[in-house]
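In what follows, a single structure is set out as structure tokens and then discussed.
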Amino acid sequence: MRNRLSWGWAFLFVAFLLAGCGSTPTTQFYKLSSLPSGQQENSAALLGMDIAIGVGPVELPAYLDRPQIVTRKSQNQLEISEFHRWAASLPGDFSRVLAKNISALLPTDRVAVYPWGDTFSPTYQVKVNVEQFDGQVGKQVFLRVIWSLVGQQEAKELVVRKTLIEEPVPTNDYEGLVAAQSNALTTLSRIIVEEIRKLGPP
């Protein structure tokens, strides 16, 4: 009888260990990061103009507009991670960080994300069409966009650019991947702000 009880407990113990080994991994959530707030003081003195910027709409391809983080296994093969996800919608996070970066790089708090209300009238509107925003863990990420600056007085596109940004991934994990994507978005923000500086006040 004791042998049967011992074997029974041993079986339950082994089953418990196997169940622990086969448990589902914990889902990790990520978001893009913007420039630190101190950047605003350093760049504010460089421009010397007060303008309003409208950011958006920002359009992403359907394969990126999902909760899961998408990486690229090869040129023609993508991988969708079930356990590494965006904390919010990627289009919304992209727009939010782009707006915060532009606000930090220009001496103006008048930056709004599309759609804005009737009370906000932007001097320039930034439209972004994202063609690629992915990469490989431990290698590099790519941000490929077509963007434009629309002058609200002229109601036409004043600047149209196609930009490709490559950013190395500093660590061999998803946190490093998202950090590299944030850096790529920072680079895009600087490029856009430089064009706004060239245009100057209307």
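Structure notes:
- Taking a quarter of the surface of the Cα convex hull of the stretch 79-187 gives a mean projected area of 7.9 nm².
- Built amide H within the under 5 Å cut-off of GLN132, gap 5+: ARG144
- Here each label is just a point 7 Å from Cα along the line to Cβ, and for VAL160 and ARG190 those points are 2.7 nm apart.
- Largest to smallest accessible area among SER148, SER34 [probe 1.4 Å]: SER34, SER148
- Separation of the SER89 and ASP109 label points, Cα + 7 Å toward Cβ, nm: 2.8
- In Hz, Karplus ³J(HN,Hα) per residue of the stretch 177-193 (6.51, -1.76, 1.60; θ = phi - 60°; x = Gly, Pro): 4, 5, 4, 5, 5, 5, 5, 5, 5, 5, 4, 4, 4, 5, 5, 5, 5
- Amide proton proximity set for HIS84, modelled H, under 5 Å, gap of 5+: GLN28, ILE69
- 3J(HN,Hα) from dihedral phi, the stretch 105-117, Karplus parametrisation 6.51/-1.76/1.60, rounded to Hz, x for glycine, proline: 8, 10, x, 8, 8, 8, 10, 10, 9, 5, x, 9, x
- Gain on full extension, evaluated as 0.36 nm per residue between LEU199 and SER74 minus their Cα-Cα distance, stands at 41.0 nm.
- Cross-link table LYS73/LYS100; LYS139/LYS162; LYS139/LYS198; LYS31/LYS156; LYS156/LYS198, entries beyond 27 Å C-alpha to C-alpha: LYS73/LYS100; LYS139/LYS198; LYS31/LYS156
- Heavy atoms of PHE29: accessible area, 1.4 Å probe, square angstrom to 10: 130
- Between ARG144 and ASN129, residue separation times 0.36 nm minus the direct Cα-Cα distance comes to 4.5 nm.
- Amide H to amide H distances under 5 Å link ILE51 with no residue, where only residues 5 or more positions off or on other chains count and H is placed in the peptide plane.
- Using every pair of distinct Cα positions in the stretch 54-109, the Kirkwood expression returns a hydrodynamic radius of 13.0 angstrom.
The values are calculated or read from the model by the stated rules, or taken from the named source; none is laboratory data. For clarity, every value in this text was computed on a predicted model and none was experimentally measured. Positions of Cβ are backbone-derived with ideal geometry, glycine not excepted, and every protein chain shown enters the neighbour counts. What goes into the accessible areas is simple: the full protein's heavy atoms, side chains included, and nothing from ligands, DNA or RNA. Shrake-Rupley method; radii C 1.70, N 1.55, O 1.52, S 1.80 Å.
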